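Input: a single structure, listed below in structure tokens.
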Amino acid sequence: MELKLTHVTKQYGTKTAVDHINMTLREGIYGLLGANGAGKTSLMRLVCLIQKRSGGEITLDGREIQEMGEEYRSLLGYLPQNFGYYPEFTAQKFLLYMSALKGLNKHAAKRRIEELLDVTGLTDDRNRKIKTFSGGMKRRLGIAQAMLNNPKILILDEPTAGLDPKERVHFRNLISSFSKDKIVLLSTHIVSDIEYIADEILVMKQGKLIRCGKPQTLLKDLEGKVWECLVPFEAVAEMERHFTVGNLKNEEQGCLLRIVSDICPVKGAKEAQPSLEDIYLYDFQREEDKR
Amino acid sequence: MISLVRLEIQKLFRRKFVLVLLLIYGVVLLFMIYAGNPNRFSSILTSEGDVLKGREAVQYEKELAESYGTLSDQDVQEILEENARILGEFTDENQMKDDVHYRYANGFYAAVAKVFTDADGNYNHLPADQVYPGQEGLMQGGFTSGMDMMLSYVTTFLLFAAVLLIVMIAPVFSDEYTSGMDSLILSSRYGKTRCARAKILASFLTAVTILIGTVAFIVLVTIGYFGTDGFAVDAHLCATGMIGMAPFALPYWKALLILISLGLGAIMMLIGFALAASALGTSSFISVLVTLAFFVLPIFLWGVWDIPWLNHLLELCPGNLVSPAKVFALPAYQIGGHTVQVYQMEIVAAVCFTPVCAVCSYFGFKNHQVRS
């Protein structure tokens, strides 16, 4: 299975949200990183056919997804960033409604709902109205509905927003176990969400895809650009002004800084092993500072 | 598809505001039905000057009306004279002057007097076909109070139902946009096809069920109260003025069918419009507002400008549900040598307009671009 995006563009008036994106997704987990407004959500909406492209094409195994219509959507599972729901519906009723939309027959739907309520830890709350759910529970319900039709293409937009650390770990494992023979595209700006499970990382900035590759490859790209140095307390502010400081730890002799920089920030700084968070900082920190 | 329609219908009834409106609707309906029961029938004066109330009054009026059948000039004159005699002998003048009720001895006499007297209450000496052009032969008289109540309640509740249904149906699509459910629905397999169709079908089914339920309830209860007396009577005798000047023979049963068809047509137009406004709009509030405007504005705009085509267009809008008498009073259309009454044109308009709106709402939702 191959989902191919060719010169995919989305414009809102004069603003280009997605700018000539080219990528090919095959079975595996893809972590889509980017700051707010980078175009992640727009890109996902285009892939889900809920927004019209301004240009380009998206094909699944060579067929234009727009033309595939129902056939394509039957392969799709989607959890949007702002997950909508019916407050007066119970979890079970909501999932039944979504099953009907996804074309599951009644018996298959009931069986699948049982499984997913169990997997997402909502079995005991199945008959509670969604309006009484916590943010995390709603998110888990959202994940359950996305998986109802056992989708071949799973699009998750900020799926871990509102989840506590334990739920996030649970969610990561859930996605990991689910991803076999499937394309999973997961957007986040919480790097740890994808650090361990993503087969490939895609980094978007101002609508463009600026990085794309396996985590190890991307980390290799950043080798020699991550530094650790001990600086006096009074120099910290100055360092923050000039460099992207990823981490700051107070020690007895001064402050231990982790800096992402193309050049050695200070004499005596030591090269450190890069992490995905460093990639994110390298690509976005300056931009966010500008804001 | 069936399960989707069922779920969409359930969704229509889940909003608290809708439930409150339905409750009010039901309570008002029951109250009005209670208020119209024969035990509360207005008092009448018999030819002997006895005052009868409730069921006794109903029975007396029915027997009196049946004794006449078709109304010849002689019958009419006799009725008017008898009415004057009873009032003269058994009520005092001050009472007659102040209380409209005492201008007529009973409902049957009141109905006849409405047709065959002038503004001062004097016999106009006109045959029925001159009072109502199109009337064929003598007017069929009979007991009209039951049918008057039925027509009046049907029209009133069609109006209430229209408002209730606008509030219920107008958010069908736009609520999905504001709640953020549009993303999930439109990305699901049947979201752009069967779901959109299910929403439209569920809306029309709900509207038809509420309408038919209401009308059937009113008709059955009224028949239970007063029997079927009056079905064949000429509806021009209608004391409430609801039929107005219909320029053709119109027994009550036909008047009832026309009112139901008009109401059904008008409400189908409103539902269609509400769905289109909902699918193409951005919020439930706006779609409710726009649909209410479509319902109400033509009532006030009709006749404001002397533009015939515009007035004809406004005549065909669902706002005429408010005033069937106006619909009957409007001049008929002449199309290809045929006379087509305005109410017939309204039904044709509803049959044409409603599917167009339904199709617009279908494609409006299908092509909706998720924004939130």
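The values are calculated or read from the model by the stated rules, or taken from the named source; none is laboratory data. Remember, it's a predicted structure, so these values are computed and weren't measured experimentally. We place every Cβ from the backbone using ideal geometry, glycine too, and count neighbours over all the protein chains shown. Areas reflect the complete protein model, heavy atoms only, side chains present, ligands, DNA and RNA absent. Shrake-Rupley method; radii C 1.70, N 1.55, O 1.52, S 1.80 Å.
Worth a mention:
- The B:LYS366 and A:THR217 beta-carbon pair, evaluated with R₀ = 41 Å, returns a calculated FRET efficiency of approximately 0.50.
- Antiparallel %, DSSP beta bridges [both residues in the protein assembly as shown], to 5: 70
- Label-to-label distance for B:LYS326 and A:GLU195 is 7.2 nm, based on points extended 7 Å past Cα in the beta-carbon direction.
- Computed from point charges on the beta carbon alone (+1 for Lys and Arg, -1 for Asp and Glu), the dipole magnitude for the stretch A:224-273 about its Cα centre is near 160 Debye.
- Integer Hz, Karplus 6.51/-1.76/1.60 couplings in order for the stretch B:207-216, x for Gly and Pro: 4, 5, 5, 5, 5, 5, x, 5, 5, 4
- A straight Cα-to-Cα reach below 17 Å connects A:LYS166 with the aspartates and glutamates A:ASP118, A:GLU158, A:ASP193, A:GLU195, residues fewer than 8 places away in its own chain not being considered.
- Packing around the peptides B:364-371, B:314-321, taken as the average count of other Cβ atoms within 10 Å per residue, puts them in this order, highest first: B:314-321, B:364-371.
- Ordering A:LEU219, A:LEU141, A:LEU156 by the projection of their Cα atoms onto the charge dipole of the stretch A:2-219, which places +1 on the Cβ of Lys and Arg and -1 on the Cβ of Asp and Glu, puts A:LEU141 at the extreme positive end.
- Here's the picture: charge each Lys and Arg Cβ at +1 and each Asp and Glu Cβ at -1 in chain A, and of A:GLN253, A:LEU117, A:ASN127 the one pushed furthest to the positive end of that dipole is A:ASN127.
- Our note on the geometry: Cα centres of the stretch B:40-65 and the stretch B:237-302, 36 Å apart.
- Since only A:ALA91, A:GLY207, A:LEU43 are under comparison, the one whose Cα sits farthest along the positive direction of the charge dipole of chain A, derived from C-beta charges on Lys, Arg, Asp and Glu, is A:ALA91.
- Taking all Cα pairs closer than 8 Å and separated by 6 or more residues, the relative contact order of the stretch A:69-202 comes to 31 percent.
- For the protein assembly as shown, the pair-distance distribution built from all alpha carbon pairs, in bins 20 Å wide starting at 0, is 16, 34, 24, 16, 9, 2, 0 percent.
- When each of the peptides B:204-215, B:329-340 is scored by how many other beta carbons lie within 10 Å of its residues on average, the order from highest to lowest is B:204-215, B:329-340.
- Inter-part distance, the stretch A:80-129 to the stretch B:149-203, computed on C-alpha centroids, equals 23 Å.
- Shielding by partners for peptide A:67-79, expressed as the average number of C-beta atoms from other protein chains within 10 Å of each residue's C-beta, is 3.
- Other residues within the sphere of radius under 9 Å centred on the Cβ of A:SER192, judged by their own Cβ, net out at -1 (K and R +1, D and E -1).
- For the chain pair B and A, buried accessible area totals roughly 2700 Å², probe 1.4 Å, rounded to the nearest 100.
- Among the trypsin sites (Lys or Arg not before Pro) within the stretch A:213-273, those in coil by DSSP and having at most 15 neighbouring Cβ atoms inside 10 Å are A:LYS267.
- Simple Cβ-charge dipole of the protein assembly as shown, Lys/Arg +1 and Asp/Glu -1, about Cα centre, in debye nearest 20: 3520
- Check: chain B dipole with +1 on Lys, Arg Cβ and -1 on Asp, Glu Cβ, in debye: 3140
- In chain A, excluding the sites themselves, the longest stretch lacking any of the GluC sites (Glu not before Pro) that are in a DSSP loop with at most 10 other Cβ atoms within 10 Å is A:1-250.
- Cβ-derived FRET efficiency at R0 45 Å, A:GLN206 paired with A:VAL236, nearest 0.05: 0.90
- Average Cα contact separation per residue, chain A, under 8 Å, 6 or more apart, as relative contact order %: 21
- Antiparallel %, DSSP beta bridges [both residues in the stretch A:2-219], to 5: 50
- Fraction of C-alpha pairs exceeding 35 angstrom in chain A: 27 percent, rounded to a whole number.
- Solvent-accessible area, 1.4 Å probe, carbon plus sulfur percent, for chain A: 47
- Note: relative contact order over the stretch A:224-273, using C-alpha pairs below 8 Å and six or more positions apart, is 53 percent.
- Counting Cβ atoms of other protein chains within 10 Å of each Cβ in B:190-197 and taking the mean gives 4.
- Ranked by the mean number of other Cβ atoms within 10 Å of their residues, highest first, the peptides A:32-42, B:39-49 fall in the order A:32-42, B:39-49.
- Peptide-level mean, for A:87-95, of C-beta atoms on other protein chains within 10 Å: 2
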